[in-house]
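The values are calculated or read from the model by the stated rules, or taken from the named source; none is laboratory data. Predicted, not measured: the structure shown is a model, and the values here were computed from it. When we count neighbours, we look across all protein chains shown, and the Cβ atoms used for this are built from the backbone with ideal geometry, even at glycine. When the accessible area is computed, the model is the full protein with side chains, heavy atoms only, and any ligands, DNA or RNA have been set aside. Shrake-Rupley method; radii C 1.70, N 1.55, O 1.52, S 1.80 Å.
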Amino acid sequence: MNLTIGLDISTSCTGICVLDEKGELVSLTYVKYSPKISLWEKADTTKSELKNIVDQSKGTIKKFFVEESLQKFRPGLSSAKTLTTLSKFNGIVSYLGREVLQVDPESINVNAARKAVGLKIPRGSNAKEIVHEWSSKETSFNWPTKILKSGPRKGQQVLIDPCYDMADAYLIARAGQALVNQNK
């Protein structure tokens, strides 16, 4: 079985998706990083998780896609330092992924990824929420949740934050497959 891996890389959490050649979900997980560890320790943690995926997979990894890192400032969200750190980490993880998976990574711009799968994000809407909703409709994945222990929504069951990174990884993997099929 030929497998495709998609990654949504960030310095707080990396989403990892594995699809089979038919686009069916094989694995969807994440690596959450402690803010107290270095960039290099985060990279080592991700490398270990990718090794586990290779060891547990029942197929050959043929394609490896990563979400292209942010290229421009977004007011209130990204400083030059943040963009540089994200870009550096994206490069490190892409290189380590290449080493572990034995496949060259291919970067996909998030807008190109959404277009490749026919996903439209209306202006002013929450893109992360829409990508998660789309991913939920596309799969029968049981998204991890938690029960809130305090605040006005105490007792409510909500998605854990890494679900959005996992949904982005799923989008990248599916878009990668769609783009490969378009270019055949």
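Let me check against my output: what whole-number percent is the relative contact order of the range 31-184, with C-alpha pairs under 8 Å and at least 6 apart?
Working: 139 pairs, mean separation 36.8, N = 154.
Here the relative contact order equals 24 percent.
Rounded to whole Å and sorted largest first, what semi-axes of the equivalent ellipsoid does the C-alpha gyration tensor of the range 103-163 yield via the square root of 5 times each eigenvalue? Don't jump to the answer; show the numbers that get you there.
Details: eigenvalues 159, 47, 27 Å².
Semi-axis lengths for the range 103-163 are 28, 15, 12 Å.
Over all distinct alpha-carbon pairs, what is the Kirkwood Rh of the chain in angstrom?
Working: mean 1/r = 0.0588 Å⁻¹.
That comes to 17.0 Å for the chain.
Which of the residue pairs 36/128; 22/115; 58/128; 42/120 have a Cα-Cα distance greater than 24 Å in the structure shown?
On the way: 36/128 26 Å; 22/115 19 Å; 58/128 30 Å; 42/120 32 Å.
From the list (36/128; 22/115; 58/128; 42/120), the Cα-Cα distance tops 24 Å for 36/128; 58/128; 42/120.
Below 13 Å, Cα to Cα, which aspartates and glutamates can residue 51 reach? Residues fewer than 8 away in the same chain don't count.
In chain and number order, the partners are 99.
At a Förster distance of 30 Å, what's the computed FRET efficiency of residue 106 paired with residue 56, Cβ-Cβ distance as r, to 0.05? Provide the component values of the computation, followed by the final result.
Working: r = 23 Å, r/R0 = 0.76.
According to the calculation, E is roughly 0.85.
Using a 1.4 angstrom probe on the protein heavy atoms only, could you order 164, 30 from most to least accessible area?
Numbers: 164 45, 30 75 Å².
Final ranking, largest accessible area leading: 30, 164.
Largest first and to the nearest Å, give the Cα extent of the range 38-144 along each principal axis.
Here the spans come out as 41, 38, 26 Å, largest first.
List, in order, the whole-Hz ³J(HN,Hα) value for each residue of the range 120-137 obtained from phi through the Karplus relation with A = 6.51, B = -1.76, C = 1.60 and θ = phi - 60°; use x for Gly and Pro.
10, 10, x, 3, x, 8, 7, 4, 4, 5, 5, 5, 5, 4, 4, 4, 5, 6
Under 13 Å from the Cβ of residue 20, count the other residues' Cβ atoms, weight Lys and Arg +1, Asp and Glu -1, and hand me the total. It would help to have the intermediate numbers written out before the result.
Working: positive: 22, 58, 62, 63, 174; negative: 21, 24.
Cβ neighbours under 13 Å give a net charge of +3.
What residues qualify as long-range amide H neighbours of residue 30, i.e. H under 5 Å apart, gap of 5 or more or another chain, H built at 1.01 Å from N?
It is 16, by chain and number.
Not counting ligands, DNA or RNA, and with a 1.4 Å probe, what is residue 106's accessible surface area in Å² rounded to the nearest 10?
My reading of the accessible area for residue 106 is about 70 Å².
Pop out the ³J(HN,Hα) list for the range 160-177 in order, Karplus 6.51 cos²θ - 1.76 cosθ + 1.60 with θ = phi - 60°, rounded to Hz; leave Gly and Pro as x.
In residue order, the calculated couplings are 6, 4, x, 4, 6, 5, 5, 4, 5, 5, 4, 4, 5, 5, 5, 5, x, 5 Hz.
Rounded to the nearest 0.05, what FRET efficiency do residue 48 and residue 125 give with R0 = 35 Å and r taken as the Cβ-Cβ distance? Could you check?
0.45
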